[in-house]
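**Student:** Pasting in a structure now, in structure tokens, and then I'll have a few things to ask.
Any read-out appearing in this document is the output of simple, stated calculations on the displayed coordinates, not a laboratory observation. No experiment lies behind these values; they were computed from the predicted model shown. All Cβ positions, even for glycine, are placed from backbone atoms using ideal geometry, and neighbour counts span all protein chains on display.
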Ligand SMILES: [Zn+2]
Ligand SMILES: [Zn+2]
């Protein structure tokens, strides 16, 4: 379908380490199954920072960025009957083949050809994005554009917590109080975990994590985390741990703090692929170690859960889209105190048909 007028779209790209620029792309038409979204809020993700450093293991520079976003639907392709212009939406930003065995099982996250919109050049640090209709979700009234953009990281946490099979009354350790760690804490709380310990080196982040659902906060720079977990669990260790940092030392902590028969779920992105690990404990303690990446139809669960999670507490900085570089610099600056930096843009787009 041809748009009634061509739209000039700024698309933010990291073109060399730590440097952003805007590409200009003109959108003139929509495929049958596509939805055109005017982006209103787009959050910087920890994975964008790995890209900015040139250290993301699967997204090399140059790379357009932005995959946590929300906005207004301004046009839909002829074959779209589930999404309508004027709706406020967020989007599960994956691209899958729909044909491989995994896709046909409904496990699209295991698709042999999985990619993400931003890695294909359709980053959401942009004015507009065209996406496939089945991945578009309407935002309920309790989500603003900004908190709606955080549906994506909340879905990452949802996926990790579901994979960890958190049960009523369990004890949990989360290593890393970044946005994902905090949202894992929130989802563990919703899943009925009783003791939710979160560890980080920033007291400010730990304070926010307590507001999101953690029951205990440990500054792992100021005390020995493994000893503290032993104390908090009467020497047994936690039922489940989550590694949400991506450092070898944190991996060891996630394994060493587990009770016998416990499960560690690794969520962090490892820039360094070399890891030294003594496997004896796997056997003696019958420990499981698993990974969790992204999501697979977890958005509806995350959107429902978000009603009871104060997502706005994660948003520390806001910039207009034009200030992408300043926004990225803020997110990269450890001293900025940033948790989530959000790019916003106004309502000037109007409706297209
Ligand atoms: Zn993300
Ligand atoms: Zn597939």
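**Student:** Which of rounded, prolate or oblate describes region 128-205 when judged by the alpha-carbon gyration tensor and an a/c cut-off of 1.5?
**Tutor:** Here region 128-205 falls in the prolate category.
**Student:** Quick one: grab the alpha carbon gyration tensor of region 35-97, order the square roots of its eigenvalues as a ≥ b ≥ c, and give me rounded if a/c is under 1.5, else prolate or oblate depending on whether a/b is larger than b/c.
**Tutor:** Prolate.
**Student:** Give me Rg over Rh for region 157-291, both radii from the alpha carbons and Rh done the Kirkwood way, two decimal places.
**Tutor:** Taking Rh as the inverse mean 1/r over Cα pairs, Rg/Rh reads 0.93.
**Student:** Between region 126-140 and region 296-319, how many Å separate their Cα centres?
**Tutor:** Their Cα centres are 16 Å away from one another.
**Student:** With the crude spin-label approximation of a point 7 Å out along Cα→Cβ, what separation in nm comes out for residue 274 versus residue 222?
**Tutor:** With each label placed 7 Å out from Cα toward Cβ, I get 3.5 nm.
**Student:** While we're here: As a test, work out the antiparallel percent of DSSP beta bridges whose residues both lie in region 157-291, rounded to the nearest 5.
**Tutor:** 0 percent
**Student:** Suppose we look only past 14 Å in the calculated P(r) of region 227-268. What percent of the Cα-Cα pairs does that tail hold? Let's see the in-between values first.
**Tutor:** Numbers: 349 of 861 pairs.
Considering region 227-268, 41 percent of its Cα-Cα pairs are separated by more than 14 Å.
**Student:** Turning to a different aspect of this structure: May I ask for the distance between the Cα centers of region 238-282 and region 1-24, given as a whole number of Å?
**Tutor:** 39 Å
**Student:** First measure r as the distance between the Cβ atoms of residue 101 and residue 33, then evaluate 1/(1 + (r/R0)^6) with R0 = 22 Å and state the FRET efficiency to the nearest 0.05.
**Tutor:** Working: r = 22 Å, r/R0 = 1.01.
Efficiency at R0 = 22 Å is approximately 0.50.
**Student:** Oh, and also: Kindly express, to the nearest 10 degrees and within the range 0 to 90, the angle between helix 151-164's C-alpha long axis and the longest C-alpha principal axis of the chain.
**Tutor:** Approximately 40 degrees, to the nearest 10.
**Student:** How many angstrom separate the Cα center of region 63-110 from the Cα center of region 184-218?
**Tutor:** Here the two parts' Cα centres lie 31 Å apart.
**Student:** So, one more: Among DSSP bridges having both ends in the chain, what percentage is antiparallel? Round to the nearest 5.
**Tutor:** Given both bridge residues lie in the chain, the antiparallel proportion sits at roughly 60 percent.
**Student:** Modelled label-to-label distance, residue 334 and residue 247, 7 Å Cα→beta-carbon offset: nm?
**Tutor:** The answer from the label model is 0.8 nm.
**Student:** If you don't mind, there's one more thing I want to ask. Note down, for the chain, the three equivalent ellipsoid semi-axes (square root of 5 times each alpha carbon gyration tensor eigenvalue), biggest first, whole angstrom.
**Tutor:** Numbers: eigenvalues 261, 86, 72 Å².
For the chain, the ellipsoid semi-axes come out as 36, 21, 19 Å.
**Student:** What is the gain in length, in nm to one decimal, between residue 142 and residue 312 on full extension, counting 0.36 nm per residue of separation less the C-alpha to C-alpha distance?
**Tutor:** My answer for the length gained is 60.1 nm.
**Student:** Any idea what % of Cα-Cα pairs in region 258-353 are farther than 19 Å?
**Tutor:** When all Cα pairs of region 258-353 are counted, 70 percent exceed 19 Å.
**Student:** Right, next: Restricting to Cα atoms and excluding each atom paired with itself, what does the Kirkwood estimate give for region 163-241 in Å?
**Tutor:** For region 163-241, the Kirkwood estimate is 12.1 Å.
**Student:** Okay, next question. Relative contact order for the chain: what is it in percent, counting Cα pairs under 8 Å that are at least 6 residues apart? Could you put the intermediate results ahead of the total?
**Tutor:** On the way: 824 pairs, mean separation 63.4, N = 353.
Reported as a whole number, the value is 18 percent.
**Student:** Apply the a/c threshold of 1.5 to the C-alpha gyration tensor of region 50-130 and tell me whether it is rounded, prolate or oblate. Could the numbers behind the result be given before it?
**Tutor:** Numbers: a/c = 2.62, a/b = 1.16, b/c = 2.26.
The shape class here is oblate.
**Student:** Please work out the FRET efficiency for the pair residue 290 and residue 4, using the Cβ-Cβ distance as r and a Förster radius of 51 Å; give the result to the nearest 0.05.
**Tutor:** Numbers: r = 49 Å, r/R0 = 0.96.
My answer for the efficiency is 0.55.
**Student:** To test your reading of the geometry: what angle, between 0 and 90 degrees and rounded to tens, separates the Cα axis of helix 203-212 from the longest principal axis of the chain?
**Tutor:** Around 80 degrees separate the two axes.
**Student:** What value, in deg cm²/dmol to 500, does the helix sum -39500 (n - 2.57) over DSSP H runs of n ≥ 4 give at 222 nm once divided by the residues of the chain?
**Tutor:** Value at 222 nm, helices only: -7000 deg cm²/dmol.
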